[in-house]
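All of the numbers you see were taken from the coordinates with simple rules; none came from a lab. Here the structure is a predicted model, which means the values were calculated and not measured. Note that we place each Cβ from the backbone using ideal geometry, even for glycine, and neighbour counts take in every protein chain shown.
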Amino acid sequence: MEQANMDHAEGHDLHLTPEQEYGISKLGMWLFLGTEIMLFGGLFAAYAIFRAKYPEMFLESHQELNREMGAVNTCILIFSSLTMAIGVTAIQRGKQMLAGIMILVTIICGLGFGVVKYFEYGAKFAHHIYPDTNIFFSLYFMMTGLHMLHVFIGLAVLGVIMVLTFKGKFNEKYSTPVEMGGLYWHLVDLVWIYLFPLLYLVG
Amino acid sequence: MANHTVATNVYVPFLEQKGFLSWFLTTDHKRIGILYLISISLFFLIAGVLALLMRFELMTPMSDFVSPHTYNVLFTLHGSLMVFFFIVPGLAASFGNFLIPLMIGAPDVAFPKLNLASYWIYIVGAIITLIALLSPADTGWTFYTPYSATTDTDVVMITFGVFVLGFSSILTGMNFIVTIHKMRAPGMTWHRLPLFIWASYATAVLQLLATPVVGITLLMLIAERSLGVGFFDPAKGGDPVLFQNFFWFYSHPAVYIMIIPAMGVISEIIPVFARKPIFGYKAIAYSSLGIAFISFLVWAHHMFTSGISEVAATIFSFLTFLVAIPTAIKVFNWTATLYKGSIELHSAMLYALGFIFLFTIGGLTGVFLGALAVDIHLHDTYFVVAHMHYVMIGGTVMGFFGALHFWYPKWFGKMFNESVAKLAWFLVFVGFNITFFPQFFLGIQGMPRRYATYPEEFESLMALSTYGSWILGLGVLIMTVNLIKGLFSDEKAPQNPYGSLSLEWQVPSPPPTLNFDKIPIVTDWTYGYGKKKEVDA
Amino acid sequence: MSEHTHSQEKHITSYKTYFIVWVALMVLTFVTVYISYLDFGQLNIVIAMVVASIKAGAVALFFMHLKFEDSITWLFALFPIALLFLLIGMTILDTFTRIFPI
Ligand code: HEM
Ligand SMILES: [Cu+2]
């Protein structure tokens, strides 16, 4: 009979080291972001096709959108990405208070983004513009709606992380959840970086 | 954890703990594997009964047993349950969960809690789909627009159920990729990994990156029905074929989500029962990745007659032929492994041999269908039905049954009756061929799929197919009873009944909760049967 | 466990880097909004997408620390984008070469 190709007597302990756990979480998060790219991807693909098909409709319809509000929201979101990034570095350096405050600012920005979006949607409805008005607005509402959903999920996640940060659960040795929350939040920003010009600027 | 050394040496099988919560909240990959195994098997049996009902209706040319509408509902449910509830989670979620950590020498998957979550998401998806049965859809499992956007049956609910299932699939895929990257035992290099692991990895990539596309497609369909948007509605400037493009961007890779794990199973069973090292290890390993990659490039071969452009059709037809290469590489290497082996016809091995034979027929007929001109004639006929069943039953289900018989002793620590298992295999094999081989002829003669009635001249082949389905059903029934009976037998399984070299057989049957006392140190590859050392490493 | 038995140095990005990236992002946002008021015809969308991609790259590389990640992470960050191009490219190819446009 053949020999099993393993060594029973020697071997490692069953538990993962903190570094291993960190690497695992990070790779997992990046894979998840890949999934998100494909999820939004379907809508981006639809956008590309219909824009190529109906350039005039896209041009006309996009002028109904409020470029200033879009720009303001872009700035808000980019700023929130900055504060989030600072929060991550802060916690990696063990500055719990600073990290917590930075996450708080991030959350406030996220809420602000939601408020602006609320007024935008309201203005659209007031002009009797709905998802079924035409394909451009179908895409507009679906893309920004899905993005908004991600913002809300992000806010919930960051809320929990913020509380835990203020409670002192994270420090320079263990900051994985803050970093993962950060990655997710940056993805929300990334998607918006494309949505903004596609919908508001060039239609 | 130093003081654990004494405690961990006491062997506690993972099945020891009893009680509802010990299952409901378990994060043990082996238990989650069992939860999946039970769930997908149930759906397999239910959808199988639906199939028998359809075949019963098709015994005669008239629609005398069920109405045409009911028939449409039947094939929609049969297809949706089989595809989304049984075969896509299928081997990956059940055996993948059970085997991956054991095979790579890890105590569990990378994200045990997420693993549990993905199971419960699967159940939520199932419940939503059950609710959808109040007004069951009649669109076929493909939910093609424009019909799916206009039928009065409840398409929103069932597609939402499938959407939710997608998350489960994505999380499983993500979990397995990270597990395989980060949790391998020391010495378990990539080229020492069991081929089932390579297959699971390729599958996981597809689950991770193809599933979200069908997710958003179904969301768009839901928006179409509930918000009145017109992505797929020509009247509103939309394009129904766009739905098909998006749908098959997922669903062609999905057929490889279905088959690649089964290929992995075959690669494990054959060397053990041929008592030879697997032939062409690297070729089989990398062909899994190759298939996964190419499967993204061929989706429109399902749409040759849907009005896509000739240019696109020609390109996709050409690319489709490429899939045959890595697929054939696998088949040749399995056959080469069998060559001059001392073959033992264990029931698992019978299923593996059945796989090679039937999957080859299925794959080759796929190449026929991939040929643009031929497909114009054969599309949407019983030829396609026969093709997909040769790959999905002849391939995946054979692999699934083979895996059940192969790892049964390890998983449950019990033995089933081997003679009955062989009898069941015989019935399944014969019944399957009688059911589906005639359908190739029906298709060539022009019998379209998805109709409850048909011209008289097809009656004899149709009836033959129905008789075959009874034999197949009987075989599955006997197999199921045999396996369930085995669970209650007193016969305890030995640790390694087949003398396998893979890591999962080096721990007791059933495995202890944390799989290993210590993370093993791996010193050689998995296929050193007949004392042959590692492949040209 | 085979891949990183030794603990990796975690890279910590400085606040200063973040600020520089942020300023760059703001400038690019201004640029892209400004350009959108000018008419370059078909070029408008090209410019907008190039600018957006530079911004996205900056966010990924610095805010998300992709610059310091291993090749597997890079692979799983880039592969979906390639797939997305495949989806868009082939679907467009089909849609616009049809004899009977739908
Ligand atoms: C060599 C490999 C394969 C090739 C070249 C191939 C090719 C094709 C083609 C061209 C079609 C479209 C036929 C038509 O609708 O006119 C088709 C249909 C189908 N194939 Fe395959 N196939 C292969 C393997 C598989 C595998 C491994 C599976 C699943 C495990 C599978 C499952 C299906 C299904 C389910 C359909 C029908 C889908 C529907 O319209 O409902 N195929 N195949
Ligand atoms: Cu296909």
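Scanning residues 5 or more positions from B:ASP233 or on other chains, those with amide H under 5 Å from its amide H are B:GLY238, B:ASP239, with H placed 1.01 Å from N in the peptide plane. Per residue, the convex hull spanned by the Cα atoms of the stretch B:164-280 amounts to 118 cubic angstrom.
Remark: the stretch B:174-189, residue by residue, has Karplus-estimated 3J(HN,Hα) of 4, 4, 5, 4, 5, 4, 5, 6, 10, 10, 5, 5, x, x, 7, 6 Hz, where x stands for each Gly or Pro and the curve is 6.51 cos²θ - 1.76 cosθ + 1.60 at θ = phi - 60°.
Here B:LYS330 is the anchor, and the lysines within straight C-alpha reach of less than 22 Å, apart from those fewer than 8 places off in the same chain, are B:LYS276, B:LYS282, B:LYS340, B:LYS532, B:LYS533. When peptides B:44-51, A:125-132, A:42-49 are sorted by average Cβ neighbour count within 10 Å, with the highest value leading, the order is A:42-49, B:44-51, A:125-132. Neighbours of A:HIS150, meaning other residues whose beta-carbon lies under 14 angstrom from its beta-carbon, give a summed charge of -1 when Lys and Arg score +1 and Asp and Glu score -1. Inter-part distance, the stretch A:131-196 to the stretch B:39-93, computed on C-alpha centroids, equals 40 Å.
Derived scalar couplings between HN and Hα for the stretch B:397-404 equal 5, 4, x, 5, 5, x, 4, 4 Hz in order, rounded to whole Hz, by the Karplus curve 6.51 cos²θ - 1.76 cosθ + 1.60 (θ = phi - 60°), x for Gly and Pro. Ranked by the mean number of other Cβ atoms within 10 Å of their residues, highest first, the peptides B:129-137, A:177-185 fall in the order A:177-185, B:129-137.
The Cα atoms of chain C define a convex hull whose projected area, averaged across directions, is 10.4 nm².
Kindly provide the trypsin sites (Lys or Arg not before Pro) of the stretch A:163-203 that DSSP labels as loop, not H, G, I, E or B, and whose Cβ sees at most 10 other Cβ atoms within 10 Å. Taking the stretch A:163-203 and a limit of 10 other Cβ atoms within 10 Å, the loop trypsin sites (Lys or Arg not before Pro) found are A:LYS167, A:LYS173. Taking a straight Cα-Cα cut-off under 14 Å and skipping sequence neighbours fewer than 8 places away in the same chain, the aspartates and glutamates within cross-link reach of B:LYS518 are A:ASP7, A:GLU10, A:ASP13, B:ASP108, B:GLU504.
Computed over Cα pairs, the Kirkwood radius of the stretch A:156-202 leads via Stokes-Einstein (1.306 mPa s, 10 °C) to a diffusion coefficient of 130 µm² per second. For the stretch C:31-47, the Karplus equation 6.51 cos²θ - 1.76 cosθ + 1.60, evaluated at θ = phi - 60°, returns couplings of 4, 5, 5, 4, 4, 5, 7, 8, 10, 10, x, 4, 5, 3, 5, 4, 4 Hz by residue, with Gly and Pro reported as x. Taking packing as the residue-averaged number of other Cβ atoms within 10 angstrom, the listed peptides A:55-65, B:462-472 run from highest to lowest as B:462-472, A:55-65.
Neighbouring Cβ atoms from other chains, within 10 Å of the Cβ of residues in C:30-37, number 4 on average.
B:THR150 sits among other residues whose Cβ lies under 14 Å from its own Cβ, and their net charge, with Lys and Arg +1 and Asp and Glu -1, is -3.
Spatially, the stretch C:28-102 and the stretch B:401-434 are offset by 51 Å when compared through their Cα centroids.
What the pair-distance distribution of the protein assembly as shown shows, using all Cα-Cα distances binned every 10 Å from zero, is 2, 12, 22, 25, 20, 13, 6, 1, 0 percent.
Residues A:VAL163, B:VAL367, ranked from the fewest to the most other C-beta atoms within 10 Å, line up as A:VAL163, B:VAL367. Annotation: amide H-H contacts under 5 Å for B:ILE521 (H modelled 1.01 Å from N, sequence separation of 5 or more, or interchain): A:ASP7. With a 10 Å cut-off around each Cβ of A:87-97, the average count of Cβ atoms from other chains is 2. Amide H contacts of B:LYS414 (H built 1.01 Å from N, in plane; Pro and chain starts excluded): B:ALA493 sit under 5 Å, all sequence-distant by 5 or more or on other chains.
Can you tell me what the convex hull of the Cα atoms of the stretch A:20-201 projects to on average, as an area in nm²?
10.1
Which log10 I(q)/I(0) values, to two decimals, does the stretch B:287-345 give at q = 0.19, 0.22 Å⁻¹ under the Debye formula with one point per Cα? Log10 of I(q)/I(0), two decimals: -0.71, -0.83.
With all projection directions averaged, the alpha carbon convex hull of the stretch C:10-68 covers 4.0 nm². Taking every residue in A:125-133 and counting other chain Cβ atoms within 10 Å of its Cβ, the average works out to 2.
Note that the stretch B:57-150 shows a convex hull volume over its alpha carbon atoms of 137 Å³ per residue.
Count the net charge of all other residues whose Cβ sits under 14 Å from the Cβ of C:PHE76, scoring Lys and Arg as +1 and Asp and Glu as -1.
-1
Of the three principal axes defined by the Cα atoms of the stretch B:31-506, the extents in descending order read 63, 47, 42 Å. Under a no-solvent Debye model with one identical scatterer per Cα of the stretch B:34-87, what's log10 I(q)/I(0) at q = 0.28 Å⁻¹? Here log10 of I(q) over I(0) equals -1.00. For C:LYS10, the lysines whose Cα falls under 20 Å of its own Cα, not counting residues fewer than eight places away in the same chain, are A:LYS26, A:LYS95, A:LYS169, A:LYS173, B:LYS182, C:LYS67.
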